[in-house]
1. Say whether the condition of being without any contact (Cβ under 8 Å) to a residue 12 or more places away in the chain, aliphatic (A, V, I, L, M) and in a helix (DSSP H, G or I) is met by at least one residue in the stretch B:67-86.
2. Consider A:Thr91 carefully, then state whether it is in contact with a strand residue (DSSP E or B) (Cβ under 7 Å, 6 or more places away or on another chain), β-branched (Val, Ile, Thr), closer than 23 Å to A:Pro39 by Cα and buried (at least 21 other Cβ atoms within 10 Å of the Cβ).
3. Any idea how many residues of the stretch B:67-84 are surrounded by fewer than 21 Cβ atoms within 10 Å (Cβ to Cβ) and over 23 Å from B:Phe126 (Cα atoms)?
4. Which pairs have Cβ atoms under 6 Å, sit 6 or more apart or on different chains, and link a residue in the stretch B:2-13 that is within 15 Å of B:Leu114 (Cα to Cα) to one that is outside any helix (DSSP H, G or I) and among the hydrophobic types (A, V, I, L, M, F, W, C)?
5. Of all residues in the stretch A:176-186 being farther than 21 Å from B:Gly161 by Cα and in a strand (DSSP E or B), which is nearest to the other protein chains (Cβ to nearest Cβ)?
6. If B:Ile200 meets every condition in (1) facing chain A (nearest Cβ under 9 Å); (2) part of a strand (DSSP E or B) apart from one, which number is that one?
7. Being facing chain A (nearest Cβ under 10 Å), outside any strand (DSSP E or B) and surrounded by fewer than 17 Cβ atoms within 10 Å (Cβ to Cβ) narrows it down to one of B:Ala193, B:Ala172, so name that one.
8. Quick one: which of B:Leu119, B:Leu18, B:Leu78, B:Leu25 is touching a strand residue (DSSP E or B) at 6+ places or on another chain (Cβ under 8 Å), within 23 Å of B:Val237 (Cβ to Cβ) and of a type outside the set (Lys, Arg)?
Protein chains: 2
Amino acid sequence: MTQNIYDTPEFFAGYSALPRSVQGLDAAPEWPALRAMLPDLPDRRVVDLGCGFGWFCRFTREAGAREVLGIDVSENMLARAREMTADPAITYRRADLETLTLSEGAFDLAYSSLTLHYLKNLAALFAQVHRALASGGRFVFSIEHPLMTAPSKQGWRIEDGRHVWPVDGYLAEGPRTTDWLAKGVVKQHRTMAAYLNLLIAAGFSILRIDEWGPTDAQIAAHPEWACERERPPFLLVSASR
Amino acid sequence: MTQNIYDTPEFFAGYSALPRSVQGLDAAPEWPALRAMLPDLPDRRVVDLGCGFGWFCRFTREAGAREVLGIDVSENMLARAREMTADPAITYRRADLETLTLSEGAFDLAYSSLTLHYLKNLAALFAQVHRALASGGRFVFSIEHPLMTAPSKQGWRIEDGRHVWPVDGYLAEGPRTTDWLAKGVVKQHRTMAAYLNLLIAAGFSILRIDEWGPTDAQIAAHPEWACERERPPFLLVSASR
């Protein structure tokens with residue numbers, strides 16, 4: 001089973017205090033780019049893989065989605081999501097995404113934000129998602145960029161006054177243990193090719209890829225984000241069944 | 001027009017002495033991986049974009065291709081290719097790949113090895129290649145990996161005894177000037193997303209991506225290549241029309 005770091009008290013407290021946890025989607029700088037990848041939502045059936053506090057589930061309902069299923073492994077997060085949701089068309093379900101089963105053809109959009117890099121068995125999930133989507137359905141997700149997860153010692157260095165991000169281990173896929181909000185958070189490093197080839201092997205067509213970095217406007221508002229354009233922190237992918 | 005560095009004497013002399021120039025495809029460590037992406041060749045019509053000394057053109061004919069067109073911007077390289085070729089089914093043509101036009105539906109395979117990162121206007125070429133391929137035709141190419149072309153100061157550093165490759169400027173697409181065989185060689189840096197999105201926009205379906213690094217057997221034979229697994233030197237892509 002996937003490490004459920006979200007239900008450790010230290011991590012949950014830290015995660016709950018992040019802007020994107022408190023204020024929702026608009027506090028996530030990559031959200032406008034991810035939102036631009038979404039299909040029209042009115043009357044669509046949506047599944048959110050790693051729904052956390054349910055911000056995206058509620059967003060899709062406000063945008064007209066017919067029914068929404070939010071899935072997460074964290075009891076704490078689902079409890080908070082349920083507290084914040086009063087909508088019978090949104091269902092929250094606890095499940096491990098590595099062993100999840102979904103009904104065939106039950107969804108028009110599968111979505112996942114910053115979750116898939118925790119999973120070891122991504123091929124099984126991609127097969128489930130493909131099966132669960134209607135023909136023409138979309139799979140839109142974000143992950144930590146492989147350049148983020150690759151290094152044995154993640155972090156910026158300063159060289160001649162510039163931020164540089166030293167990369168090693170890029171082709172050595174497997175677990176990386178980092179200290180982020182709590183000690184010993186395990187993420188799975190995969191190459192960009194691995195993500196895309198797994199999608200293609202599951203039957204998806206790649207529609208668009210976005211190696212996300214902050215916009216000029218975002219850097220003007222948050223000058224400390226400028227370094228994130230030196231190496232993208234997130235990878236956003238849109239695929240169709 | 002694209003910089004034609006291959007026809008400067010210093011570069012041509014250096015390039016002509018590389019193992020892959022003297023010994024052909026088998027001296028290129030990425031060749032087995034690129035070859036594995038090729039479709040069956042018997043009776044196919046092939047175009048090689050940046051054919052150099054014509055090694056790939058001759059390989060495809062030996063594998064049964066019906067007719068082969070090799071295109072390059074370098075007169076020196078085409079002259080050498082013609083000297084090494086005695087086969088009426090292979091034609092060599094001088095053209096700038098940025099302004100190239102090809103006949104509609106004239107090919108079953110378009111191939112390009114380590115050439116496209118020299119081009120500024122890749123969208124025009126991808127549109128030409130798409131138009132020139134028969135339905136179901138394949139486009140297989142290699143480029144320098146975007147991690148190679150991105151940095152403002154390319155090169156390995158040693159940190160705690162490990163090779164690390166400092167990345168900056170990844171999202172800043174545009175020219176990079178390096179000294180490789182000659183001074184002032186200009187390559188165009190693009191993100192991985194840019195290459196793939198340009199292919200998709202031209203109408204291609206992505207079939208497979210390989211962020212190439214040396215195999216264990218290659219490292220056993222060339223221990224000095226081990227660092228190339230820390231960050232892949234080449235990106236190999238297979239797409240279909």
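The values are calculated or read from the model by the stated rules, or taken from the named source; none is laboratory data. None of the values given here were measured: they were computed from a predicted structure. Here the Cβ is made from the backbone with ideal geometry for all residues, glycine too, and neighbour counts use every protein chain on show.
1. yes
2. Working: in contact with a strand residue (DSSP E or B) (Cβ under 7 Å, 6 or more places away or on another chain): yes; β-branched (Val, Ile, Thr): yes; closer than 23 Å to A:Pro39 by Cα: yes; buried (at least 21 other Cβ atoms within 10 Å of the Cβ): no.
For A:Thr91, the condition - in contact with a strand residue (DSSP E or B) (Cβ under 7 Å, 6 or more places away or on another chain), β-branched (Val, Ile, Thr), closer than 23 Å to A:Pro39 by Cα and buried (at least 21 other Cβ atoms within 10 Å of the Cβ) - is not met.
3. Here the count works out to 7.
4. From residues that are within 15 Å of B:Leu114 (Cα to Cα), the pairs are B:Thr2/B:Leu119; B:Gln3/B:Val186; B:Asn4/B:Val73; B:Ile5/B:Val185.
5. So, considering only residues that are farther than 21 Å from B:Gly161 by Cα and in a strand (DSSP E or B), the one nearest to the other protein chains (Cβ to nearest Cβ) is A:Asp179.
6. (2)
7. Values: B:Ala193 fails: surrounded by fewer than 17 Cβ atoms within 10 Å (Cβ to Cβ).
Answer to the selection: B:Ala172.
8. None of the others qualify; the one that does is B:Leu119.
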